[in-house]
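Peer 1: Let me give you the structure first, and then I'll get to my questions.
The values are calculated or read from the model by the stated rules, or taken from the named source; none is laboratory data. Just so we're clear, the structure is a prediction, and the values are computed from it rather than from any experiment. Virtual Cβ from ideal backbone geometry, glycine too; neighbours counted across all protein chains shown.
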Amino acid sequence: MSVVASLSCKPNPRGLAVDVSGRDKMADAKILIGTSGYSFADWVGPFYPEKIEKGKMLDYYLDHFKTVEINSTYYRIPHAAVFYHLVNKVPDDFEFIVKTHRSFTHDRKDLKEPTGQFNEAIKPMGESGQLKGLLAQFPWSFKFSPANLQYILDGKDYFGDHPLFVEFRHDSWDKPEVYASLKENRIGFCCVDEPALEHMFPSVALATTETAYIRFHGRNMVDWWKPRPGSNRYNYDYKKEELADWIKKINKLKQNAEKVYLFFNNCHHGQAVKSAKLMQEMLQLEL
């Protein structure tokens, strides 16, 4: 794979949807809304019924959403049996996105063993047809350079045929040549909503494959840079007008994509569920 030097269209204004997918416009793209994880203890009460067993949380979640991001794989690679049992608990039309292990996005060395373990773990989910993609969330410290872009392009080969989506935190990646390279190599771009802090990635809305992808992290500027663990970085309750800012962007993305994923990662105290449901209502009204 090679880095593309230029983009065949003009640079996009920030926050506006741009067609870099190369697809014909499609008015009826499927929108799937979910949360980034589901088995949180502090969701009991705000979302889950009191005294719910942890093993029953997914059953309850299924009554509200048709997709979920599995984020625990970033921290620890589970045994394949975990995903085998997971896919057997959900209906055939339920969709999973799985976050790649930190060895790929943060450590970035000696990848053969951990990525092999990761691919073995997700195999049951891939075989079921319900694994719709892998999310690689790179840290703010991972800044743009031709070598780092090449790392991403080459890294896609570690994950076989599974669609790969990349999320950037540093605004140095907001470049036409990055989007062009992702498009050429069929790597999905993950749009983000996050605090408007210095050098954080802006709310650019575009798709580099036929699938658009947006993650809502909240806008907690006060706690974002506090040391972790213990940080309340994702403690944020979206207001309706803040989500409304995304409606036009989402409708624009729909015209150039087959599917649009919206995942809410403002996970504290069930706020992700509240925001996801509010967005569901708003999009229904808009449609």
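Peer 1: Test Ala180 against the criterion of being in contact (Cβ under 8 Å) with a residue 60 or more places away in the chain and either more than 22 Å from Lys132 (Cα to Cα) or surrounded by 19 or more Cβ atoms within 10 Å (Cβ to Cβ) (or both), and give yes or no.
Peer 2: Details: in contact (Cβ under 8 Å) with a residue 60 or more places away in the chain: yes; either more than 22 Å from Lys132 (Cα to Cα) or surrounded by 19 or more Cβ atoms within 10 Å (Cβ to Cβ) (or both): yes.
For Ala180, the condition - in contact (Cβ under 8 Å) with a residue 60 or more places away in the chain and either more than 22 Å from Lys132 (Cα to Cα) or surrounded by 19 or more Cβ atoms within 10 Å (Cβ to Cβ) (or both) - is met.
Peer 1: Further question on the same structure: What are the residues in the range 258-287 that are under 16 Å from the mean Cα position of the chain (by Cα) and among the charged types (D, E, K, R), if any?
Peer 2: Lys259
Every residue, every condition in (1) of a type in the set (Asp, Glu); (2) modelled with pLDDT of 95 or more; (3) not in a loop (DSSP other than H, G, I, E, B), yes or no:
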{"residue": "Ile214", "(1), (2), (3)": "no, yes, yes"}
{"residue": "Val222", "(1), (2), (3)": "no, no, no"}
{"residue": "Lys226", "(1), (2), (3)": "no, no, no"}
{"residue": "Asp237", "(1), (2), (3)": "yes, yes, no"}
{"residue": "Lys248", "(1), (2), (3)": "no, no, yes"}
{"residue": "Val260", "(1), (2), (3)": "no, yes, yes"}
{"residue": "Lys277", "(1), (2), (3)": "no, yes, yes"}
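Peer 1: Here's another thing I want to ask about it. Given the options Gly129, Gly116, name the one that is surrounded by fewer than 17 Cβ atoms within 10 Å (Cβ to Cβ), under 20 Å from the mean Cα position of the chain (by Cα) and without any contact (Cβ under 8 Å) to a residue 40 or more places away in the chain. Even if it seems obvious, please write down each step before you answer.
Peer 2: Working: Gly116 fails: under 20 Å from the mean Cα position of the chain (by Cα).
Of the residues listed, the single one that is surrounded by fewer than 17 Cβ atoms within 10 Å (Cβ to Cβ), under 20 Å from the mean Cα position of the chain (by Cα) and without any contact (Cβ under 8 Å) to a residue 40 or more places away in the chain is Gly129.
Peer 1: Name every residue in the range 154-177 that is within 18 Å of the chain's Cα centre (by Cα), part of a helix (DSSP H, G or I) and modelled with pLDDT of 95 or more, in order of residue number.
Peer 2: The answer is Phe159, Asp171, Trp173.
Peer 1: With the structure loaded, tell me whether Arg102 is closer than 28 Å to Asp171 by Cβ, more than 18 Å from the chain's Cα centre (by Cα) and not small (Gly, Ala, Ser) or whether it fails that test. Quick ask: steps written out before the conclusion?
Peer 2: On the way: closer than 28 Å to Asp171 by Cβ: yes; more than 18 Å from the chain's Cα centre (by Cα): no; not small (Gly, Ala, Ser): yes.
Answer is no for this residue.
Peer 1: Exactly one of (1) in contact with a Phe, Trp or Tyr (Cβ under 8 Å, 6 or more places away or on another chain); (2) in a helix (DSSP H, G or I); (3) surrounded by fewer than 19 Cβ atoms within 10 Å (Cβ to Cβ) is unmet by Phe144. Its number?
Peer 2: Unmet for Phe144, out of (1) in contact with a Phe, Trp or Tyr (Cβ under 8 Å, 6 or more places away or on another chain); (2) in a helix (DSSP H, G or I); (3) surrounded by fewer than 19 Cβ atoms within 10 Å (Cβ to Cβ): (2).
Peer 1: While we're on this one: Out of (1) crowded, with 22+ Cβ neighbours inside 10 Å; (2) without any contact (Cβ under 8 Å) to a residue 60 or more places away in the chain; (3) not β-branched (Val, Ile, Thr), the odd one out for Met221 is which?
Peer 2: Every condition holds for Met221 apart from (1).
Peer 1: Sort through Asn256, Asn251 and tell me the only one that's within 20 Å of Glu167 (Cα to Cα) and polar (S, T, N, Q).
Peer 2: Working: Asn251 fails: within 20 Å of Glu167 (Cα to Cα).
The unique qualifying residue is Asn256.
Peer 1: Right, another one. Only residues in the range 79-90 that are modelled with pLDDT of 95 or more count as the first member; pair them with residues that are among the hydroxyl-bearing types (Ser, Thr, Tyr) and part of a helix (DSSP H, G or I), Cβ under 7 angstrom, at least 6 apart or cross-chain, and list the lot.
Peer 2: Val87/Ser128
Peer 1: OK, next. Working carefully through the options Gln284, Gln271, find the one that is over 28 Å from Ser145 (Cα atoms) and surrounded by fewer than 17 Cβ atoms within 10 Å (Cβ to Cβ).
Peer 2: Numbers: Gln271 fails: surrounded by fewer than 17 Cβ atoms within 10 Å (Cβ to Cβ).
On inspection, the qualifying residue turns out to be Gln284.
Peer 1: Could you list, in sequence order, the residues of the range 194-212 that are assigned to a strand (DSSP E or B) and either over 17 Å from Phe138 (Cβ atoms) or free of Cβ contacts under 8 Å to residues at least 60 places away in the same chain (or both)? Walk me through how you get there before you give the answer.
Peer 2: First pass over the range 194-212, keeping only residues assigned to a strand (DSSP E or B): 200, 206-207, 211-212.
Passing the criteria: Leu206, Ala207, Thr211, Ala212.
Peer 1: What's the total number of residues in the range 25-60 that are buried (at least 19 other Cβ atoms within 10 Å of the Cβ), out of contact with any strand residue (DSSP E or B) (no Cβ under 7 Å at 6 or more places or on another chain) and of a type outside the set (A, V, I, L, M, F, W, C)?
Peer 2: Matching residues across the range 25-60 total 1.
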